[in-house]
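The values are calculated or read from the model by the stated rules, or taken from the named source; none is laboratory data. Computed from a prediction, not measured in an experiment: that's the story for all the values here. Here the Cβ positions follow ideal geometry from the backbone for every residue, glycine too, while neighbour counts run over all protein chains shown. To get the accessible areas, we keep the full protein, side chains included, count just its heavy atoms, and leave off ligands, DNA and RNA. Shrake-Rupley method; radii C 1.70, N 1.55, O 1.52, S 1.80 Å.
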Amino acid sequence: MKRIGIIYGGREFSIGQQDFDRMKSEVEAAHRDGRSVWIRVNYGEGRPQAADLLVGPGIPIALLPIPDEPPTAADQADDTTSHSGSATQRGDATSAPDVHSALDQDVAPGGDSAG
């Protein structure tokens, strides 16, 4: 996956040329460490504009891997099967998320950026 869909504040954003697992682990690290970070994303269709989203504890965010190729019938069958299991079988986690190389800076308390 080189593209990640993001749902944040009920709106859809995307990040290009980023690794999904790396982004996910960075979001998890920020939550675990109790810090906030900014991530640069794209907003809009056709001619997307850059936007920065604050990610940290208590801020809900969803990361969606966007495949490089359209899903095959086998992929769709796997999806249906994997969603029918328990939360543990589906890979749902109750731990907090972290953030990825799209992160620009950590944000210190009071909104000033650190570093």
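Below are the figures for this structure:
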read-out	value
Pair list, Cβ under 8 Å, 6 or more apart: the range 1-18 residue touching a residue at least 40 places away in the same chain (Cβ under 8 Å) and farther than 10 Å from LEU64 by Cβ, other residue open to solvent by less than 70 Å² (accessible area, probe 1.4 Å) and of a type in the set (Ser, Thr, Tyr)	GLN18/SER101
Breaking point among (1) touching a residue at least 40 places away in the same chain (Cβ under 8 Å); (2) more than 12 Å from the chain's Cα centre (by Cα); (3) exposed (fewer than 15 other Cβ atoms within 10 Å of the Cβ), for LEU54	(2)
Qualifying residue in the range 61-76 (condition: at pLDDT 95 or above and surrounded by fewer than 13 Cβ atoms within 10 Å (Cβ to Cβ))	yes
Only one of GLY16, GLY5 that is touching a Lys or Arg at 6+ places or on another chain (Cβ under 6 Å), open to solvent by less than 60 Å² (accessible area, probe 1.4 Å) and not hydroxyl-bearing (Ser, Thr, Tyr)	GLY16
Hits in the range 19-33 - residues which are buried (at least 21 other Cβ atoms within 10 Å of the Cβ) and out of contact with any Asp or Glu (no Cβ under 8 Å at 6 or more places or on another chain)	MET23
Some residue of the range 34-44 being touching a Ser or Thr at 6+ places or on another chain (Cβ under 9 Å), open to solvent by 50 Å² or more (accessible area, probe 1.4 Å), under 15 Å from ARG3 (Cβ atoms) and modelled with pLDDT of 50 or more	yes
Residue match in the range 31-38 (condition: under 14 Å from the mean Cα position of the chain (by Cα) and in a helix (DSSP H, G or I))	yes
